[in-house]
Each structure stands twice: as C-alpha cells, then as structure tokens.
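See below for the structure under consideration.
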Amino acid sequence: MKLIDLSFPIRDHWRWGYKQSLKHTLEAGDDFRASVMTLPAHAFTHVDTLLHCKPGGAPALDELPVDTYSGAAAVIDLSHIGADHEITADDLKEHAKDIREGDIIILKTCWDKKRDIQSKEYWTDAPFVSEEAADWLYAQKPKAVAFDFPQDQILKQAATYKGCLPMSESTTHYALLLKGVFLIEYLAGLDQITEDRITFMALPLRLVGVEGCPVRAVAVKSL
C-alpha cells in the first residue's frame with residue numbers, strides 16, 4: 001500500500017492566522033520540547049460538518065463515524081481550466097467518469113500548481129463552482145465532495161471581506177453542505193492522481209462539539 005499526500009503543509013498564513021510557539025525547549029534545559037499551536041478549524045486542508053452551517057442538533061466531529069470523510073472516490077479531472085473559470089454542470093458531465101451513489105467526488109483542477117496558496121491570488125484568481133454545477137453534484141448522491149481550489153465565488157473576496165461570508169452566496173455550502181453532503185476543502189497535489197477512481201482518506205481529530213478540522217488527506221494506492 002502506498003499513501004499519496006493530498007494536504008497542504010500548515011504554516012504561517014496571512015488569511016488563517018496559524019500560530020506556533022514553544023512551551024518547553026531542550027535548549028532551555030527542559031527534558032522535552034513541547035509546542036503549542038493555535039489553528040482555526042477551517043484552515044488549510046480541512047473538513048466541514050453540517051454543524052458548520054445548520055444549528056439545532058447537527059452532529060459535531062466527535063459524533064460522526066470515523067469513515068465519514070473516507071472511502072471510494074470518483075475524480076473529475078478539470079485540470080485544463082484556468083483562472084476565473086465558472087465550473088458548469090456541462091463541465092462536470094463532460095469529464096465525470098464512473099460516479100457511484102455514496103462516493104466522495106473529488107474536483108481536480110490542480111489549482112495549487114497554478115497559484116501559490118500563500119498568495120492572495122490563490123483566492124482572487126480561482127475558478128469556482130456555479131449553482132447549477134453544485135446542484136448537479138448533489139444529484140449524484142455523494143456522501144462528500146472535495147475541492148482543490150476555493151470553490152465558492154464569494155471566496156474571491158476572502159482577502160478583503162469583513163466578517164463572516166454570507167451563506168446565501170457560499171454556493172457549495174448552501175447547495176451541498178446544508179443538504180447533508182460533507183465538504184472537504186483545499187486539497188493539494190492532485191496532479192499525482194491519474195485514475196478516475198481512488199480510495200481516499202481524510203481523518204479529522206475527534207474534537208468534541210466542533211464543526212470542522214484540518215486533516216491529513218491521502219489517496220491510497222495498492223502496490
């Protein structure tokens with residue numbers, strides 16, 4: 001078995017405000033080095049639960065099955081598209097191969113190879129999913145949809161928008177997550193994947209009462 005890393009490294013970032021410090025150090029004479037990290041739940045490669053956008057009893061991470069974000073996945077290769085491209089239902093239909101009910105659907109644009117995630121252009125120039133495309137994805141009855149780009153058009157304003165982005169303009173959150181389809185966001189390294197179907201795994205921490213978490217996402221290949 002071979003694991004292919006599909007995650008971004010977690011480091012200082014202008015948008016997400018990741019902080020890392022040392023509580024104990026060997027250099028200071030402590031017996032162990034111990035780091036303290038502050039990291040938003042929805043930063044870098046991460047997953048969303050329904051609790052992210054729906055109050056009133058939606059399960060948190062600790063209440064979900066461990067395989068919620070893992071399993072059989074269908075990859076839709078959209079790596080040909082460029083900046084500012086509105087992904088339509090026709091785009092998805094043309095390039096989709098062998099999607100099955102209950103799959104994780106992965107949209108592969110290789111956007112991390114076209115813009116650096118450390119840059120604001122990663123957001124301002126990004127392709128995005130149209131409402132009809134989001135509706136098409138929902139109609140395939142997946143258990144989750146994964147993206148390697150900022151998938152909602154409103155995210156182009158991430159560098160300048162003040163406050164929480166509006167739900168009504170967060171296309172995939174409204175059309176998928178709010179209806180119970182889990183989201184896996186900001187994958188990286190999908191240029192390593194050439195297959196139409198893979199085994200995919202993303203395992204969030206078992207955080208009590210929390211609605212999202214960074215993950216180490218991987219594709220599993222048999223040797």
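The values are calculated or read from the model by the stated rules, or taken from the named source; none is laboratory data. From a predicted model like this one, the values you see are computed outputs, not experimental measurements. Don't worry about glycine lacking a Cβ; one is built from the backbone with ideal geometry, like all the others, and counts go over all protein chains shown. We work out accessible area using only protein heavy atoms, side chains counted, and drop any ligands, DNA or RNA first. Shrake-Rupley method; radii C 1.70, N 1.55, O 1.52, S 1.80 Å.
Only one residue in 187, 176 is under 21 Å from residue 76 (Cα atoms), modelled with pLDDT of 95 or more, buried (at least 23 other Cβ atoms within 10 Å of the Cβ) and touching a Ser or Thr at 6+ places or on another chain (Cβ under 7 Å), so which one is that?
Unique residue meeting the criteria: 187.
All but one of (1) in contact (Cβ under 8 Å) with a residue 60 or more places away in the chain; (2) over 19 Å from residue 177 (Cα atoms); (3) in contact with a helix residue (DSSP H, G or I) (Cβ under 7 Å, 6 or more places away or on another chain) hold for residue 153; state the number of the condition that does not hold.
Looking at each condition in turn, residue 153 falls short on (2).
Taking the options 32, 8, name whichever one is more than 20 Å from the chain's Cα centre (by Cα) and either of a type in the set (Phe, Trp, Tyr) or surrounded by 16 or more Cβ atoms within 10 Å (Cβ to Cβ) (or both).
32
Restricting attention to the range 56-73, and to residues there that are assigned to a loop (DSSP other than H, G, I, E, B), of a type in the set (A, V, I, L, M, F, W, C) and open to solvent by less than 50 Å² (accessible area, probe 1.4 Å), which single residue is nearest to residue 209 (Cα to Cα)?
Looking at the filtered set, the residue picked out is 60.
Considering each of 17, 29 in turn, give the residue that is farther than 30 Å from residue 127 by Cα, part of a loop (DSSP other than H, G, I, E, B) and at pLDDT below 95.
The conditions single out 29.
Which one is surrounded by the most Cβ atoms within 10 Å (Cβ to Cβ), of the residues in the range 11-29 that are over 28 Å from residue 146 (Cα atoms) and in contact (Cβ under 8 Å) with a residue 12 or more places away in the chain?
Step by step, filter the range 11-29, then rank; the result is 22.
Restricting the first residue to the range 119-133 and requiring it to be part of a helix (DSSP H, G or I), which pairs with a second residue that is among the hydroxyl-bearing types (Ser, Thr, Tyr) meet a Cβ separation below 8 Å and a spacing of at least six or different chains?
Sorted first by the residue in the range 119-133, then by its partner, the pairs are 131/171; 132/88; 133/88.
Identify the single condition in (1) open to solvent by 10 Å² or more (accessible area, probe 1.4 Å); (2) within 21 Å of residue 74 (Cβ to Cβ); (3) modelled with pLDDT of 95 or more that residue 221 does not satisfy, given that it satisfies every other one.
That leaves (3) as the condition not met.
Does the range 82-105 include one or more residues that are within 15 Å of the chain's Cα centre (by Cα), free of Cβ contacts under 8 Å to residues at least 60 places away in the same chain and not in a loop (DSSP other than H, G, I, E, B)?
Yes, that holds for at least one residue.
Which numbered condition trips up residue 142, out of (1) modelled with pLDDT of 95 or more; (2) under 20 Å from residue 52 (Cβ atoms); (3) touching a helix residue (DSSP H, G or I) at 6+ places or on another chain (Cβ under 8 Å); (4) assigned to a loop (DSSP other than H, G, I, E, B)?
Answer for residue 142: the failing condition is (3).
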